[in-house]
Amino acid sequence: IADVRPLFEWMPLLLIFLVAAITMRMWSEERRAGTLEFLLTTPVKSYQLVLGKFLACMVLVTVALVLTLPLPFTVSLLGPLDWGPVFGGYVATLFLAAAYAAIGLFVSARSANQIISLILTAVVCGFIYLLGSDALTALFGNRVSEFLKLLGSGSRFESITRGVIDLRDLYYYLSLVGTFLALNVFALEWLHWA
């Protein structure tokens, strides 16, 4: 059976550490080096700075994902590969990485130390991932477990990697991205006025 599901089974956990490592220096290094004050006094709006950092993170994650593309093509040469789950897996990975990057940027804006930013980003993203995981939802009843699956990013990731792209799952990731990018803009404005 030609299948690349094992690649996407570990992708949420790998993304936690990859995105945390990418975002840990984004704002905290600016604060440490003293260039954040210069950035905040330029005629560039705070949301433009945040979007620039966010897009830079997403370009790095996209390059990392492009480097995994030879794997499904190699598997498709060995046998008939269902491309629906592969396409869904890459879409889910990009949306999950966007959510993690927004969280990591917010944590980095609130922290002056890169290592603390790395650890806090990994903890927050890991917590959001574990909310919907089977290990946690098995401890609760049916109603609570269904509610936790709605909150967790892992259960939504698994549903997209099956090849079914549900707009509710994409909306969940986009709302996480929007919320944390807005919080990042507010954190920068607070630093600007402080």
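Can you find, within segment 140-162, the residue that is farthest from P72 (Cα to Cα) among those that are outside any helix (DSSP H, G or I) and not aromatic (F, W, Y)?
From segment 140-162, those outside any helix (DSSP H, G or I) are 140-141, 152, 162; that's our starting set.
Those still in the list that are not aromatic (F, W, Y) too: 141, 152, 162.
Numbers: G141: 38, G152: 27, R162: 15 Å.
Looking at the filtered set, the residue picked out is G141.
Condition test on G89, is it surrounded by 21 or more Cβ atoms within 10 Å (Cβ to Cβ), farther than 18 Å from L176 by Cα, in contact (Cβ under 8 Å) with a residue 24 or more places away in the chain and not aliphatic (A, V, I, L, M)? Can you show your working first?
Working: surrounded by 21 or more Cβ atoms within 10 Å (Cβ to Cβ): yes; farther than 18 Å from L176 by Cα: yes; in contact (Cβ under 8 Å) with a residue 24 or more places away in the chain: yes; not aliphatic (A, V, I, L, M): yes.
The answer is yes for G89.
Looking only at segment 66-81, count every residue that is in contact with a strand residue (DSSP E or B) (Cβ under 9 Å, 6 or more places away or on another chain) and under 16 Å from E9 (Cβ atoms) and tell me the total. Matching residues across segment 66-81 total 2. Of all the numbered requirements in (1) surrounded by fewer than 20 Cβ atoms within 10 Å (Cβ to Cβ); (2) touching a residue at least 24 places away in the same chain (Cβ under 8 Å); (3) out of contact with any Ser or Thr (no Cβ under 8 Å at 6 or more places or on another chain), G52 misses one, and that requirement is (2). Taking residues in segment 138-150 that are over 21 Å from S175 (Cα atoms), and partners anywhere that are outside any loop (DSSP other than H, G, I, E, B) and open to solvent by less than 100 Å² (accessible area, probe 1.4 Å), the pairs with Cβ atoms closer than 7 Å and at least 6 places apart or on different chains are F140/L148; S145/T137.
Considering each residue of segment 150-160 in turn, at least one proves to be of a type in the set (S, T, N, Q), at pLDDT below 90 and out of contact with any Leu (no Cβ under 9 Å at 6 or more places or on another chain).
All of A102, A97 fail the test of being touching a Phe, Trp or Tyr at 6+ places or on another chain (Cβ under 8 Å), assigned to a helix (DSSP H, G or I) and either charged (D, E, K, R) or touching a residue at least 40 places away in the same chain (Cβ under 8 Å) (or both), apart from A102.
Within segment 116-175, being among the acidic types (D, E) and either over 25 Å from D82 (Cα atoms) or open to solvent by less than 80 Å² (accessible area, probe 1.4 Å) (or both) holds for D134, E146, D166, D169.
Within segment 177-194, the set of residues being in a helix (DSSP H, G or I) and either out of contact with any helix residue (DSSP H, G or I) (no Cβ under 7 Å at 6 or more places or on another chain) or open to solvent by 40 Å² or more (accessible area, probe 1.4 Å) (or both) comprises G178, T179, A182, L183, F186, E189, W190, H192, W193.
The numbered conditions (1) touching a residue at least 12 places away in the same chain (Cβ under 8 Å); (2) open to solvent by 80 Å² or more (accessible area, probe 1.4 Å) are all true for G84 except (2).
Considering every residue within segment 1-9, establish whether at least one is on the phi < 0 side of the Ramachandran plot, loosely packed, with under 12 Cβ neighbours inside 10 Å and without any contact (Cβ under 8 Å) to a residue 24 or more places away in the chain. Looking for residues that are on the phi < 0 side of the Ramachandran plot, loosely packed, with under 12 Cβ neighbours inside 10 Å and without any contact (Cβ under 8 Å) to a residue 24 or more places away in the chain, one finds at least one in segment 1-9, hence yes.
The values are calculated or read from the model by the stated rules, or taken from the named source; none is laboratory data. Source: prediction; values computed, not measured. As a convention, Cβ positions derive from the backbone with ideal geometry for all residues, glycine included, and neighbour counts pool all protein chains shown. Protein only, heavy atoms only, side chains kept; ligands, DNA and RNA dropped before computing areas. Shrake-Rupley method; radii C 1.70, N 1.55, O 1.52, S 1.80 Å.
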